[in-house]
Every structure is written in C-alpha cells, then in structure tokens.
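The next block holds one structure in the form of structure tokens; read it before the comments.
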Amino acid sequence: MKIGIDIEETARFKTLKANSTFVKRYFSKNEIAYCFSKPKPGVHLAARFAAKEAFYKATNRTLNFKDIEVSNAPSGRPELFILGKKHKEIDISISHSAQYAVAAVLSEN
C-alpha cells in the first residue's frame with residue numbers, strides 16, 4: 001500500500017473565478033460546478049487540488065489534473081474518479097479549515 005498527502009493554503013484559491021485559466025486547467029466541469037455552488041468556493045477548490053496532488057504522490061501516475069475528479073457520495077464522503085471511473089483500490093480523505101485544506105490518498109497498488 002502507498003499513501004500520499006498534501007496540504008494547501010486556501011488563500012491561494014480564494015480569489016479564483018470559475019472561468020479562470022487555472023480553474024479550467026486543473027478542475028473538471030463537475031468540480032467547478034460543485035465548488036462554485038458553495039459560499040466559499042476557494043476552500044473546496046483547495047481541498048480538491050490537495051486530493052489530486054495526494055493522488056500523484058500515492059500512485060506515481062502521470063495524468064492530467066482534469067482526469068482526476070473528486071466527487072462526493074450521497075453520504076458526503078469524498079470519492080476519487082480516474083478518467084471517469086471510481087477505483088476501489090484508492091481511498092481518499094479530505095479536510096479543510098478557513099486557512100488550510102488537506103487530503104490523503106491510500107492506494108493498494
């Protein structure tokens with residue numbers, strides 16, 4: 001098993017707009033819609049960005065950031081989709097405060 005973890009300062013994401021080049025480059029349409037439906041989208045963008053970085057650290061896979069999508073199950077638990085497919089061998093945890101977002105990814109391979 002391998003683990004990846006990442007922490008991001010939410011201030012870096014606070015002023016981003018949904019149509020910014022950075023947002024469109026690193027986040028899927030679903031992630032953008034989800035984050036910008038929240039009162040403080042920057043916190044949610046930072047958490048998803050941390051999850052993608054943690055995925056890279058846990059798996060050493062090279063994918064485009066948009067190929068990695070963080071979604072929420074009906075229970076609210078985060079899920080990681082790679083190229084549109086949920087992988088059972090990857091587990092994810094995300095947490096955030098006003099200042100920081102952190103994510104950990106556990107991969108069986």
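The values are calculated or read from the model by the stated rules, or taken from the named source; none is laboratory data. Every value quoted in this text rests on a predicted model; they were computed, and no experiment measured them. Cβ: placed from backbone, ideal geometry, glycine included. Neighbour counts: every protein chain shown. Heads up: the accessible areas ignore ligands, DNA and RNA and are worked out on the full protein's heavy atoms, side chains in. Shrake-Rupley method; radii C 1.70, N 1.55, O 1.52, S 1.80 Å.
Residues in region 33-45 that are in a helix (DSSP H, G or I) and aromatic (F, W, Y): Y34 alone.
When region 14-32 is filtered for residues that are out of contact with any strand residue (DSSP E or B) (no Cβ under 7 Å at 6 or more places or on another chain), closer than 18 Å to I68 by Cβ and part of a helix (DSSP H, G or I), the ones remaining, listed by number, are F22, V23, K24, R25, Y26, K29, I32. Residue by residue through region 2-38, note down the ones that are open to solvent by 70 Å² or more (accessible area, probe 1.4 Å) and polar (S, T, N, Q). Hits for region 2-38 are T15, N19, T21, N30, S37. Hey, among the residues in region 28-54 that are hydrophobic (A, V, I, L, M, F, W, C) and in contact with an Asp or Glu (Cβ under 9 Å, 6 or more places away or on another chain), which one's farthest from A11 (Cα to Cα)? Only one residue fits best here, namely A54.
Could you list, in sequence order, all residues of region 20-68 that are of a type in the set (A, V, I, L, M) and under 20 Å from K86 (Cβ atoms)? Within region 20-68, I32, A33, A47, A50, A51, A54, A58, L63, I68 meet the criteria.
Picking from residues in region 70-81 that are open to solvent by 50 Å² or more (accessible area, probe 1.4 Å) and assigned to a loop (DSSP other than H, G, I, E, B), the one that is nearest to S95 (Cα to Cα) is R77. Residue count for region 86-100 satisfying the condition of being surrounded by 15 or more Cβ atoms within 10 Å (Cβ to Cβ), among the aliphatic types (A, V, I, L, M) and farther than 17 Å from G76 by Cβ: 1. Of all residues in region 73-92, those that are over 18 Å from E108 (Cβ atoms) have Cβ atoms under 8 Å from Cβ atoms of residues that are part of a strand (DSSP E or B) and open to solvent by less than 90 Å² (accessible area, probe 1.4 Å), 6 or more apart or on another chain, in A73/E79; G84/E69. Within region 41-69, residues that are open to solvent by less than 50 Å² (accessible area, probe 1.4 Å) reach partners that are among the β-branched types (V, I, T) and assigned to a helix (DSSP H, G or I) with beta carbons closer than 6 Å, at six or more positions or on different chains, in the pairs G42/T10; V43/T10; A46/T10.
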